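The values are calculated or read from the model by the stated rules, or taken from the named source; none is laboratory data. Since this is a predicted model, take the numbers as computed values, not measurements. No Cβ is skipped: glycine too gets one built from the backbone with ideal geometry, and neighbour counts run over all protein chains shown. Quick note on the areas: whole protein, heavy atoms, side chains included, nothing else; ligands and nucleic acids left out. Shrake-Rupley method; radii C 1.70, N 1.55, O 1.52, S 1.80 Å.
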Amino acid sequence: IADKEQERGGQPVALAHGLQARVVGASGHRLREAGRDDVDTLFAHRSWTGICIYRIDFKTGCYDFFSPSAEAITGFSMQEMIDMGLDGVLARVHPDDRAIVQRRLQEEAEHPDENRRPMEYRWRVKSGEWHWFSDSRRLITNERGEPEALVVVGRDITEQRQAEELIRQSEARL
């Protein structure tokens, strides 16, 4: 995240599952969690398989952080995802899910303090396939309470959805 740590008074960003993170570095591609500066070590742990963390800066409308796991999940490199921008990423949301995703983003910007359940939607990965994702979001506000950024923990749930569909089909045959 572009060095806004001082603007936020050095406060950590709260992520899912009690994880607190501070994004540092001029390029915005390094994450420090619990005093650890090594992103590769953080995201190499098998509990992070299929999980991607990213941040959207509302002032620029651009992504300014993607975890290294993004490439394994989406097929796009971190730089490709950042270059794609929010509009490009939203354009890859399945047409049947796009309005819901856009509405939820707007609701979260308007009501940042409301707890939200994870949002599930389909997204076209680089190979052209549709994958199901489940995203948990946390809106970051400035000292005036205005939305500044959105931190998202996304998880590829395609295999889970496929297994659920097989169970439904099996039960329907019974």
Per-residue SASA entry for T60, accessible area with 1.4 Å probe, Å² rounded to 10: 90 Å²
Computed FRET value (nearest 0.05) for A163 with E143, which takes r as the C-beta separation and R₀ as 45 Å: 0.50
Using a Förster distance of 22 Å, the FRET efficiency for K59-E80 (Cβ separation, nearest 0.05): 0.50
Length released on extending from R173 to Q106, taking residue separation times 0.36 nm less the Cα-Cα span: 20.0 nm
Accessible area (Å², 1.4 Å probe, nearest 10) - M78: 60 Å²
Heavy-atom accessible surface of the range 45-174: percent carbon and sulfur, 1.4 Å: 48 percent
Average accessible area per residue (Å²) across the range 73-154 - probe 1.4 Å, nucleic acids and ligands excluded: 55 Å²
Solvent-accessible surface (1.4 angstrom probe) belonging to F76, in square angstrom, nearest 10: 20 Å²
